[in-house]
Amino acid sequence: MPQPILRVPRSVWRTNGFSPGERAIPEETAVAFTFNTASYAVMMATPQDLEDFAFGFSLTEGVVSSCDAIESVEAVEEDIGIELRIWLKAPHAAEFLGRRRKMAGPTGCGLCGIESLIEAMRPPSKVRAGLVVAPDQIMTAIESLFPLQVLNHESRAVHAAGFWEPNRGLAAVREDVGRHNALDKLAGAIFREHTTADQGIVLLTSRVSVEMVQKSAAIGAPIIVAVSAPTALAVRMADAAGITLAAIARKDGFEVFTHAHRVTGATVTTPGLSAVAPRIP
């Protein structure tokens, strides 16, 4: 398989002129998803943690509802990309083929190819109410993510998604040139351990768009913490899913937008959410 990071020659200009050198840059590869030989999606992604990607994408996109539906995964390198051949068990394969659709998504585009507004705005899964954390735990969680962004330390060009639990700390980190891909890989890593995300925090190095909330809801994550701001629709979707959404998490703090009851000491009112974004079905 291709290496996730390449070193390429480049010429650097500074005020004192040009100098030669190298730059570490992330690989970007076309990754095709097929289910029982039926084409489903093509995503541009970093060629790493591909089995996690297969499981996570299958779950967060609603192709399957559990890992038990997947019989096997094979990553096959082709001349122009990688094919993830996912084999579903018989009853799940029949169900999938009955509602098959195709989509193509460039890097960072999680909704390209969705065929209807209803698909794009599908109601989110409701998450469990349980987990409550203190502000310092959120700060510990987000700060623990940065040292483990191995690919980003080399390239400064990839996103990360992490999963933090109060009793384990940072349990998993996945990176990719696409923020949705990083989250899908994280979802796959969690579910392949036969665990759930309902007692932890999903950490994101990107902005929070609606599909990032939908994917987090699909794996049952009660809290999302991101370093960048959310979109208005993401706020409304998080509210509808029962997710605590904290964003703009920096060294000096963070902002809570929805379901503040999971963060001790936080309060937030949401009567203006209807004006923030279009209605969710």
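The values are calculated or read from the model by the stated rules, or taken from the named source; none is laboratory data. Predicted model only: the values in this text are computed from it and were never measured. Please note: Cβ atoms are built from the backbone with ideal geometry, for glycine as well, and neighbour counts cover all protein chains shown.
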Residue satisfying all of: in the range 253-273; of a type in the set (A, V, I, L, M, F, W, C) and assigned to a loop (DSSP other than H, G, I, E, B); modelled with the lowest pLDDT among these = VAL268
Wholly within the range 114-199, helices (runs of 4 or more DSSP H) carrying at least 1 residues that are without any contact (Cβ under 8 Å) to a residue 12 or more places away in the chain, of a type outside the set (Lys, Arg) and surrounded by fewer than 24 Cβ atoms within 10 Å (Cβ to Cβ) = 117-120, 135-145, 150-155
Members of the range 9-31 that are in contact (Cβ under 8 Å) with a residue 24 or more places away in the chain and acidic (Asp, Glu) = GLU27, GLU28
